[in-house]
Ligand SMILES: Cc1cc2nc3c(=O)[nH]c(=O)nc-3n(C[C@H](O)[C@H](O)[C@H](O)COP(=O)(O)OP(=O)(O)OC[C@H]3O[C@@H](n4cnc5c(N)ncnc54)[C@H](O)[C@@H]3O)c2cc1C
């Protein structure tokens, strides 16, 4: 693993919960805060289920569509320099106070804290085929006949793949009417092979999960993968993803020793979004009821803050300065020198690039270290910031001296 793959916070899943968590761990408004270096992992495009439905944030008097929501979250992610790694995380291991993330047996990165936000199942390229032969269950069982009719249209025959799990048996009474129309039913169940379970479904049954959907204009096949990692292709004309089944039994594909879940398989968290394991947090649909974007966003923010506090404490041995979000009861030290001056805000003149003379002679320059880059990033690959430091060095505006390890350690803790 190279040095570049070490982060403060790693977030698994880039749906509403994961995006919100990653943004919150980076976006801190207190002047003394140093943001965390943060990474997001998701094999699908960012947005999670918000990509697949039109209306997401709703109240009696407001509507924010899925695409509007993703557009805003994505803008923030880009502005805050949060990289997105296109990988499915399959395992997390806690080694020497850091969480190490693995995919296909390879280590991807490590972080001081990790936030689980994988929703109810891993997504792939569903968004490419949504309403082009592929749909999902929503609005409860009463609405399913209408959804199925819309999906099947006037097709007199064809192959319909139903993606679900053992709880998809609940759909069978509704699917009976479909089978009578000469539509072949093929079930892809996210379960280990189980012939007894297979017998409960009338039709072709496969055990495994979706790797990706294939087709040119519309969906034409599902590429599946079983527990042993063997792939297969299931040709089809339509796909129906049974999200109700995953709401009852989420597809928990990430291996984490000792993680406590409830009877259904949702991750248990406390009021701070913390799991039972050190430095491991969870947010959104993976943490159980209710499945809604508003909850995913707020739980994401909660987990983001909590991860930040955990990392800050670990790095500096101090409580994180999150005043306004979480006052820590600390009394102000009368001898501290770095409090900002009491200046009326209307007296502070801030110049932009065009107003500034390049000699910089007449100005005072202040560095809001916390707003864009973390200390760890400054030490790493941020060439723009390094160039600024070197420019200041050339001008003798800063001095840089070698430091003994024990002094470095002391400075790191300040
Ligand atoms: C059909 C449908 C309609 C809905 N309509 C609404 C609505 O109108 N309003 C509303 O508020 N809510 C609605 N919801 C619920 C809402 O979509 C979810 O509550 C919300 O998207 C949850 O956000 P999340 O980030 O927790 O999970 P998701 O949106 O599911 O995102 C999880 C992300 O994690 C990724 N992931 C999973 N496993 C891994 C892994 N191992 N490694 C890396 N990445 C991984 C996935 O690919 C995905 O991108 C609807 C849900 C469905 C199914």
Every listed condition ((1) touching a strand residue (DSSP E or B) at 6+ places or on another chain (Cβ under 8 Å); (2) under 25 Å from residue 19 (Cα atoms); (3) outside any loop (DSSP other than H, G, I, E, B)) holds for residue 118 save (3)
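What about residue 157, is it in contact (Cβ under 8 Å) with a residue 12 or more places away in the chain, surrounded by fewer than 21 Cβ atoms within 10 Å (Cβ to Cβ) and under 26 Å from residue 280 (Cβ atoms)? Even if it seems obvious, please write down each step before you answer.
On the way: in contact (Cβ under 8 Å) with a residue 12 or more places away in the chain: yes; surrounded by fewer than 21 Cβ atoms within 10 Å (Cβ to Cβ): yes; under 26 Å from residue 280 (Cβ atoms): no.
Answer is no for this residue.
Count, please, the residues in region 101-123 that happen to be near the ligand (Cβ under 10 Å from one of its atoms) and buried (at least 18 other Cβ atoms within 10 Å of the Cβ). Spell out how you get there, then give the answer.
First, the residues of region 101-123 that are near the ligand (Cβ under 10 Å from one of its atoms): 101, 103, 108, 116-123.
This time we only want the ones that are buried (at least 18 other Cβ atoms within 10 Å of the Cβ), so: 101, 108, 116-123.
Result for region 101-123: 10.
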Of those in region 88-115 that are in contact (Cβ under 8 Å) with a residue 60 or more places away in the chain and outside any strand (DSSP E or B), the residue farthest from residue 189 (Cα to Cα) is 97
In region 178-223, anything part of a loop (DSSP other than H, G, I, E, B) and closer than 20 Å to residue 124 by Cα is listed as 190, 191, 208, 215, 216, 217, 218, 219, 220
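A quick yes/no check of all residues on (1) modelled with pLDDT under 95; (2) surrounded by 21 or more Cβ atoms within 10 Å (Cβ to Cβ); (3) over 23 Å from residue 309 (Cβ atoms); (4) near the ligand (Cβ under 9 Å from one of its atoms):
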{"residue": "6", "(1), (2), (3), (4)": "yes, no, no, no"}
{"residue": "19", "(1), (2), (3), (4)": "no, yes, no, yes"}
{"residue": "29", "(1), (2), (3), (4)": "yes, no, no, no"}
{"residue": "32", "(1), (2), (3), (4)": "yes, no, no, no"}
{"residue": "51", "(1), (2), (3), (4)": "yes, no, yes, yes"}
Filtering region 134-183 down to residues that are more than 32 Å from the chain's Cα centre (by Cα) and on the phi > 0 side of the Ramachandran plot yields 153, 158, 182
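Going by the structure shown, is residue 237 touching a helix residue (DSSP H, G or I) at 6+ places or on another chain (Cβ under 8 Å) and surrounded by 19 or more Cβ atoms within 10 Å (Cβ to Cβ)?
no
The values are calculated or read from the model by the stated rules, or taken from the named source; none is laboratory data. A quick note: this is a predicted structure, and the numbers were derived from the prediction, not measured. Reconstructed Cβ throughout: ideal geometry from the backbone, glycine too, with neighbour counts over all protein chains shown.
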